[in-house]
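Below is one structure, written out as structure tokens; the observations come after it.
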Amino acid sequence: MSELLELTGIGKSFGAFQALSDVSLSLREGEMLGLIGPNGAGKTTLFNIITGFLKPDSGQVRYDGAAIDRLSPGQRVARGLVRSFQKPMVFPALSLRENIAMALRQHAGQGLRWPGGAAKRAADAKAEQLLARSGLTRRGEERMADLSYGEQRMADLLMALALEPRLLLLDEPTAGLSQQEAERLLGLVRQLEARTTVMLVAHDIDIVFGHCDRVAVLHLGRMLRCDTPAAVRADAEVQAAYLGSLAA
Ligand SMILES: Nc1ncnc2c1ncn2[C@@H]1O[C@H](COP(=O)(O)OP(=O)(O)O)[C@@H](O)[C@H]1O
Ligand SMILES: [Mg+2]
């Protein structure tokens, strides 16, 4: 497997506060990497740097073999570097199906115009496929605002998947979900895993250790360890900093 994403020596401070220090990390094509760490560790800041919403003070982001520091967030999305937001831009008064179709149209460069003919049929078919894969076909006509919290989180994921990610960054997609809902969402992500490289932030240790190929631990803005779930779980420093009572 080749490296899809390579972070080298990433540093970021907000005023006098050092949020990230010398963070290096690489993701192989097709792998699913869990990113864990206490609140404030710098996980979201790292996602913001990878997606181009924040500029690092130091270090470099390489994606698909090239430095992407100069690319805007939109240019990164066009290359398959996609994140799901905890509060994505959705149209609450439109149906789930229409929201997915909207994401598909934006991805196809059609903006918010209502396409006709072949483009519309292709978008509708893709929206249908995404709904079917998530088990939400029967909820397609519901307004976004009327979906349950769990369905909305699933809808966030579908919207990100509509952009055909090559690298998908998920920032706490399972927050507030029941164990069953969280497993279903991760199941959908894993169906894609062979093709899509995934970086997942989640607080639920069972989800992260159960689904990810490797786990990276951020602590106070530093990369403490990045290794297989078993090695990370057994690491004394990680246990002291984060896992605490999980010691086996
Ligand atoms: N735009 C910002 N301005 C000032 N401080 C920020 C900003 N964004 C994040 N921080 C701080 O950086 C630290 C890391 O935040 P964050 O990356 O959101 O952590 P995590 O996602 O791991 O909980 C926190 O202490 C947070 O308050
Ligand atoms: Mg965060």
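The values are calculated or read from the model by the stated rules, or taken from the named source; none is laboratory data. Predicted model, so just to flag it, every value in this text is computed and none were measured. Glycine gets a Cβ as well: all are built from the backbone with ideal geometry, and neighbour counts include every protein chain shown.
Just checking, which of Leu169, Leu131 is closer than 30 Å to Lys12 by Cβ and touching a residue at least 24 places away in the same chain (Cβ under 8 Å)?
That would be Leu169, the only listed residue that is closer than 30 Å to Lys12 by Cβ and touching a residue at least 24 places away in the same chain (Cβ under 8 Å).
Pull out all pairs, ordered by first then second residue, where Cβ-Cβ is under 8 Å, the residues are six or more apart or on different chains, the first lies in the range 177-188 and is among the charged types (D, E, K, R), and the second is surrounded by 16 or more Cβ atoms within 10 Å (Cβ to Cβ) and not in a loop (DSSP other than H, G, I, E, B).
Short answer, once both residue conditions are applied: Glu181/Gly150; Glu181/Arg153; Glu181/Met154; Glu183/Ile207; Arg184/Met154.
Among (1) at pLDDT 95 or above; (2) away from ligand 1 (no atom under 13 Å from the Cβ); (3) within 16 Å of the chain's Cα centre (by Cα); (4) not hydroxyl-bearing (Ser, Thr, Tyr), where does Lys87 come up short?
(1)
Of everything in the range 191-229, what is at pLDDT 95 or above and of a type in the set (Gly, Ala, Ser)? Give them in sequence order.
Ala216, Gly221
Among the residues of the range 208-232, count how many are hydrophobic (A, V, I, L, M, F, W, C), under 18 Å from Glu183 (Cβ atoms) and without any contact (Cβ under 8 Å) to a residue 40 or more places away in the chain.
Total satisfying the criteria: 0.
Considering each of Val189, Val215 in turn, give the residue that is among the β-branched types (Val, Ile, Thr) and under 17 Å from Leu5 (Cα atoms). Break it down stepwise before answering.
Numbers: Val189 fails: under 17 Å from Leu5 (Cα atoms).
Among Val189, Val215, only Val215 is among the β-branched types (Val, Ile, Thr) and under 17 Å from Leu5 (Cα atoms).
Give the residues of the range 31-88 that are small (Gly, Ala, Ser), away from ligand 2 (no atom under 11 Å from the Cβ) and either part of a helix (DSSP H, G or I) or on the phi > 0 side of the Ramachandran plot (or both), sorted by residue number. Reasoning before the result, please.
First pass over the range 31-88, keeping only residues small (Gly, Ala, Ser): 34, 37, 40-42, 52, 58-59, 65-67, 72, 74, 78, 80, 84.
Right, trim to away from ligand 2 (no atom under 11 Å from the Cβ) and you get 34, 52, 58-59, 65-67, 72, 74, 78, 80, 84.
Answer for the range 31-88, where residues must be small (Gly, Ala, Ser), away from ligand 2 (no atom under 11 Å from the Cβ) and either part of a helix (DSSP H, G or I) or on the phi > 0 side of the Ramachandran plot (or both): Gly52, Gly59, Gly65, Gly74, Ala78, Gly80.
Kindly indicate whether any position in the range 230-240 is closer than 21 Å to Thr45 by Cα and more than 14 Å from the chain's Cα centre (by Cα).
Residues of the range 230-240 closer than 21 Å to Thr45 by Cα: 238.
Those left that are additionally more than 14 Å from the chain's Cα centre (by Cα): 238.
Looking through the range 230-240, at least one residue is closer than 21 Å to Thr45 by Cα and more than 14 Å from the chain's Cα centre (by Cα).
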